[in-house]
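Everything below concerns the one structure shown next.
The values are calculated or read from the model by the stated rules, or taken from the named source; none is laboratory data. As the structure is a computational prediction, the values presented were derived from the model and not from experiment. As a convention, Cβ positions derive from the backbone with ideal geometry for all residues, glycine included, and neighbour counts pool all protein chains shown.
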Amino acid sequence: MNKLKIIPSLWLITMLTACSLSDASHTTSGKVYAATQVADITILLDTPEQEFIVIALVDSNGVGFTKNKSKDRAMTALKKEAASIGAHAIILTSSNTGIAQGFDGEPAGQESILSGKAIRLIPSDLKTDK
């Protein structure tokens with residue numbers, strides 16, 4: 001009889017760990033752009049030399065059993081969010097990793113939190129003089 005109780009518990013644990021463990025959000029400048037491709041989003045650590053406009057502030061978090069997995073999930077969520085609002089790149093402004101808390105307050109893996117500026121690059125033939 002105990003084996004019958006363990007099987008549903010194992011199934012539930014498997015389903016919970018298989019769920020997407022990332023989330024992202026944005027705050028836009030108000031103008032709407034056509035979505036871009038996630039694969040085309042570039043992550044930048046510094047301001048690009050090419051002229052650009054900031055179209056939104058983006059944030060994401062990801063949870064995983066390792067620091068690398070949590071960072072990968074957070075980065076994927078950040079790129080998807082930026083692409084959904086028409087960004088070409090993200091200037092990363094903050095990156096933090098810590099211990100994720102489970103529903104019961106116990107450690108539940110690693111959590112990465114990323115923040116950045118979603119930008120659209122301005123083609124050189126449309127540049128404005130500063």
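Taking the stated definitions as given, is SER115 free of Cβ contacts under 8 Å to residues at least 40 places away in the same chain, under 18 Å from LEU45 (Cβ atoms) and not β-branched (Val, Ile, Thr)? First the steps, then the outcome.
On the way: free of Cβ contacts under 8 Å to residues at least 40 places away in the same chain: no; under 18 Å from LEU45 (Cβ atoms): yes; not β-branched (Val, Ile, Thr): yes.
Answer is no for this residue.
Name the residues in segment 49-76 that are touching a strand residue (DSSP E or B) at 6+ places or on another chain (Cβ under 6 Å) and within 18 Å of HIS88 (Cβ to Cβ), would you?
GLN50, PHE52, ILE53, VAL54, ILE55, ALA56, LEU57, VAL58, SER60
Listed here are the residues, each with its yes/no results for (1) at pLDDT 95 or above; (2) surrounded by 12 or more Cβ atoms within 10 Å (Cβ to Cβ).
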| site | (1), (2) |
| --- | --- |
| ASN2 | no, no |
| THR14 | no, no |
| ASP23 | no, yes |
| THR28 | no, yes |
| THR36 | yes, yes |
| ILE43 | yes, yes |
| PHE52 | yes, yes |
| GLY62 | no, yes |
| ARG73 | no, yes |
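Within segment 87-107, take every residue that is of a type in the set (A, V, I, L, M, F, W, C) and surrounded by 16 or more Cβ atoms within 10 Å (Cβ to Cβ) and give me the one that is farthest from ALA35 (Cα to Cα). First the steps, then the outcome.
Residues of segment 87-107 that are of a type in the set (A, V, I, L, M, F, W, C), as a first pass: 87, 89-92, 99-100, 103.
Remaining after also requiring surrounded by 16 or more Cβ atoms within 10 Å (Cβ to Cβ): 87, 89-92, 100.
Numbers: ALA87: 7, ALA89: 12, ILE90: 14, ILE91: 18, LEU92: 20, ALA100: 31 Å.
Across segment 87-107, the extreme among qualifying residues is ALA100.
Restricting the search to segment 28-48, which residues are of a type in the set (Val, Ile, Thr), under 20 Å from ARG73 (Cα atoms) and in contact with a strand residue (DSSP E or B) (Cβ under 8 Å, 6 or more places away or on another chain)? Explain how you work it out, then say what you get.
First, the residues of segment 28-48 that are of a type in the set (Val, Ile, Thr): 28, 32, 36, 38, 41-43, 47.
Now drop any that are not under 20 Å from ARG73 (Cα atoms), which leaves 36, 38, 41-43.
Hits for segment 28-48 are ILE41, THR42, ILE43.
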